[in-house]
Every structure is written in structure tokens, then in C-alpha cells.
Amino acid sequence: MKRWTIDRRAMVTMGLAALLAGCAVIPKGAQRPGPVDTPTGEPTEALPTDETRHRIALLVPMTGSNGNVGQAIANATTMALLDTNASNLRITTYDTAIGPQAAAKKAVQEGNKLILGPLLGTNVPSVLAEARPANVPVITFSNDTTVGGPDVFVMGHIPEQSIMRTIQYARTKGSQNFAILSPGGEYGERAEAAMKQAVATFGGKVVHTERYSRGNTSIVSAAQRLKAKGGYDAILIAEGARLSIQAAGVLKPGGAGSARLLGTELLSGESSITKASAMRGTLFSAVSDSRYKRFVDSYEARFGSQPYRVATLGYDAVLLTLRVARDWKVGKAFPIKSLRSEDGFLGLDGAFRFKNSGVVERAMELREVRANEVVVVEAAPARF
């Protein structure tokens, strides 16, 4: 584990705080961070009365198979409170691994007016069963768009938005006839639907769809079938780096060929794609990483480990809450309508806002794979 000196730790913390100063979420007069309570599962004494702090519940798994992910999100919320010097929030963590409905019930009983979480979309109905009667909105970290609603806001990164953005850009570069390689299962189905919607929106035609079962040879066979068909000038490979490289090796060996390769957000942060000649020129979209590196440095300095990528959602959820808290009176119901601001919010992952469906809309940048690097060819808009 990397060791950090006290001076280095302070520099990283100060740097991250300065980076986010432009978010303008620090309440006037804030002097110290609000408390972050320990995970709640077993019966405990009631929380003390708060007259100056909003009570916010964080519902994530703190134990079990996803416990490390939940802990990373909880750590990130703590960082956000410290970095913004926020004194008007009390965030209490409730372990959904012992039962999401039980966690939500306790969160409501203890007077929390907003729920951040759960992590899994499958847990939302159970949480909502307790939250909705109490008029407590839910901001889930899931990317399951089907759970969004009037009081449920989906904050996770949505794969369809990456594909829509990439297709839109490819159309401006002349791509007309699209093909797709997609894996069996939910992700592949969502990728196919997103591509068809994007082409219907921005023009062009979907000429071929090839599906495969995830494996070392199945995607290669699918790529060979697709190559034999021809008739396309752009190919979306809805896959991660390892299998995308294998498919690209068939479709554009050594980088030869006129068809443009398109990827998804699954390629973000994967250095291996820059070493494969067949991947050169591949376009894909993702949220900006311009703030992420500094977040990672600060997280590692404080907690001695690397965060999960999803941890930024916890950080940004706190920034969002602080922004709303400017006009939110302590003890009153959370002003749900403020989440539907057309201007949106700014966080580590860039600008975002919630649509009428409750699903997040994110500003994304366009990236291109080149030899030994991935470059941003079109920056994400700074605001909506």
C-alpha cells in the first residue's frame, strides 16, 4: 500500500477542494463538516435532534458481496462533506445487505428526509415501499432506467447515453450504414435498442446485427459473420476492452479497412485499447475524467486504497444535496422539484440533470483511440 506523508495528504485534499470550488455548493457560513454516522443495522438509540442539519440517509451494502463497493460510496460522501466544509448535513449510513426495506424503514423512522441509494435497481421497490408513504424521495446509484419515477431519481451512468452520443458524432463524420456486435443478455439488448433509437433520431440505417455469447471465440465468429456480410461503414462493438480488441482484429486487422469502429463507455479507462493497432480510430463516449484523477489521489490519501469508479456518484450526490439545501429549510420535506432543474448540477463526473422520467442525463465527451493514447476529440459541454 502506498504511503503518504502528512504534507502530501493535505495538498491532495486542498487540491480537490479547489477543483470543486466552481461547483458553488459550499453553504455560506459553513465552518465544519456535518457528522457521518456509522452504518445502521441493529437497533440503536434514536439520533439526536437536529435543528441546523438536514438528515440524509445513505442506503448502500456495507457487508456481503457488494460491501466494498458500498464502503467506497460511503467514503466518497465523507470526502464530499470534508472538501466542501459542509455543516448543514447529517448523513447516516444504513446497510442494505441486511434487507433494503428494513434499512429504508429505519431511515424513515429516524427522520431522514432524503435517501441516497440503493446501489441496486432491484432494491428500489423495497426501499420505495417505506420511502413513498413518508414523502421521502430516493436518488438511486443504479443505472436501471426502469425504476425512475416522480420520486425516484436514477443517478447511475446510463449505457444508452454513451451510445447515443457516439452515434450522433459518427453521423457528423459521414457514417450512414451501421452494424452492431452485441452480447446476449440485458446489456446487449439495451445497446441494440439504443443504437436503433440513435439512428432513428440522427439519421442513417441499421443494416446488420450480430449477437454472440461472451467468450473468447464467440465474438470472433460473430465478427467473421459480420465481415462477410459487408454493406456497413460503421460498427458498434458493445463490449469491454478485451473482447473488443478480438473483434477489431477480425474487422480491421492492423487497422486496415474503411469502416469506422465505435465503442461504448466500457472502454473508458482501459489502456490496453491503445496498444492494439486494430482499435486505432475507434470512437466512444464517456463522462469526463478531468476531475477523476484528483479524486482518486485524495481518496487513496485518506483511505489507503483505490476507489471503485462508482464512488463518484456518492460524492456528487452530496454536492447535489448541498446545492438544493440553499433553499431547503431544515425539518421540512425535501423539495423534489429542485431536482428537475433545467440547469442541472455539476460534479466530479461533469454536468448532469434529471429528466422528467427521473433518469439522469449526463454531458459526455467524445474520445478517439490512437497509438498509445486516447484523446478527447469533442469535449463534454460544461453546462446544459
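The values are calculated or read from the model by the stated rules, or taken from the named source; none is laboratory data. All of these numbers come straight from a predicted model, not from anything done at the bench. Methodologically, a virtual Cβ is constructed for each residue, glycine included, from the backbone with ideal geometry; neighbour enumeration extends over all protein chains shown. Calculation scope for accessible area: heavy atoms of the full protein, side chains included, ligands and nucleic acids excluded. Shrake-Rupley method; radii C 1.70, N 1.55, O 1.52, S 1.80 Å.
Laid out as a table, the results:
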item	result
Evaluation of Arg309 against (1) surrounded by fewer than 19 Cβ atoms within 10 Å (Cβ to Cβ); (2) over 12 Å from the mean Cα position of the chain (by Cα) (one fails), failing number	(2)
Identity of the residue in region 335-349, open to solvent by 10 Å² or more (accessible area, probe 1.4 Å) and either of a type in the set (Val, Ile, Thr) or outside any helix (DSSP H, G or I) (or both), that ends up nearest to Leu89 (Cα to Cα)	Pro335
Of the criteria (1) under 20 Å from Ser175 (Cα atoms); (2) touching a strand residue (DSSP E or B) at 6+ places or on another chain (Cβ under 6 Å); (3) open to solvent by less than 20 Å² (accessible area, probe 1.4 Å), which one Ile273 fails	(1)
Conditions (1) open to solvent by 40 Å² or more (accessible area, probe 1.4 Å); (2) at pLDDT 50 or above; (3) not basic (Lys, Arg): number failed by Leu19	(2)
Residue match in region 248-265 (condition: in contact with a His (Cβ under 9 Å, 6 or more places away or on another chain), open to solvent by 20 Å² or more (accessible area, probe 1.4 Å) and not acidic (Asp, Glu))	no
Residue satisfying all of: in region 277-292; under 27 Å from Leu261 (Cα atoms) and under 19 Å from the mean Cα position of the chain (by Cα); most open to solvent (accessible area, probe 1.4 Å) among these	Ser290
Selection from region 150-185 of residues that are open to solvent by 10 Å² or more (accessible area, probe 1.4 Å) and farther than 17 Å from Val287 by Cβ	Pro150, Asp151, Arg171, Thr172, Lys173, Gly174, Gln176, Asn177, Gly184, Gly185
Checking Gly64 against (1) open to solvent by 10 Å² or more (accessible area, probe 1.4 Å); (2) touching a strand residue (DSSP E or B) at 6+ places or on another chain (Cβ under 6 Å); (3) not hydrophobic (A, V, I, L, M, F, W, C), the condition it does not meet	(2)
Residue under evaluation Ile336, criteria (1) in contact with a helix residue (DSSP H, G or I) (Cβ under 9 Å, 6 or more places away or on another chain); (2) modelled with pLDDT of 95 or more, criterion not met	(1)
Which numbered condition Ile73 misses (of (1) closer than 29 Å to Ala379 by Cβ; (2) assigned to a strand (DSSP E or B))	(2)
Criterion violated by Asn356 - all others in (1) part of a loop (DSSP other than H, G, I, E, B); (2) more than 27 Å from Ile245 (Cα to Cα); (3) in contact with a Gly (Cβ under 9 Å, 6 or more places away or on another chain) satisfied	(3)
